[in-house]
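Engineer: Please see the structure below; I have some questions.
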Amino acid sequence: MGAGRPAGKESVKSPVGTKRSAMWQAMRVMVTFTCADVAMVTEANVPAALTFISALMRVGVVKKIQNHNAIPGSHAKYRLVNDIGPKTPVVRRIYVVYDPNSKTSLKRVNPIQGEL
């Protein structure tokens with residue numbers, strides 16, 4: 001915790017320089033991507049990319065446009081459908097995505113069952 005900051009404010013700060021920040025910037029540049037694409041260009045791992053993408057899907061920032069096919073090693077394709085700005089969205093532990101650009105929490109657009 002930084003000096004002079006109220007307790008709990010660290011979770012609201014945009015994670016500049018983190019893997020998620022790199023993943024967010026990669027999604028903004030690529031627009032259409034797979035988890036493997038995002039992981040490869042950001043040196044993150046595929047499960048971390050999938051977790052972040054899934055959170056963004058739940059609030060309507062990312063949309064799945066193609067399921068993975070039966071070919072081993074294939075991945076689903078996603079599209080960034082709501083570029084909310086340059087600051088990295090923060091996924092809170094209570095499964096809320098915070099948009100530091102508009103300083104609001106994004107609402108879940110619909111419950112997704114079997115989303116991945």
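What follows draws every value from the coordinates through simple rules; no lab data is involved. Keep in mind it's a predicted model, so treat the numbers as computed, not measured. Glycine also receives a Cβ, built like all others from the backbone with ideal geometry; neighbour counts cover every protein chain displayed.
Engineer: Report Rg/Rh for the stretch 18-59, rounded to two decimals, where Rg is the Cα radius of gyration and Rh the Kirkwood radius.
Structural biologist: Ratio of gyration radius to Kirkwood radius: 0.90.
Engineer: Please find the FRET efficiency linking residue 30 to residue 92, where r is the Cβ-Cβ separation and R0 is fixed at 22 Å, and quote it to the nearest 0.05.
Structural biologist: Between residue 30 and residue 92 the formula returns 0.30.
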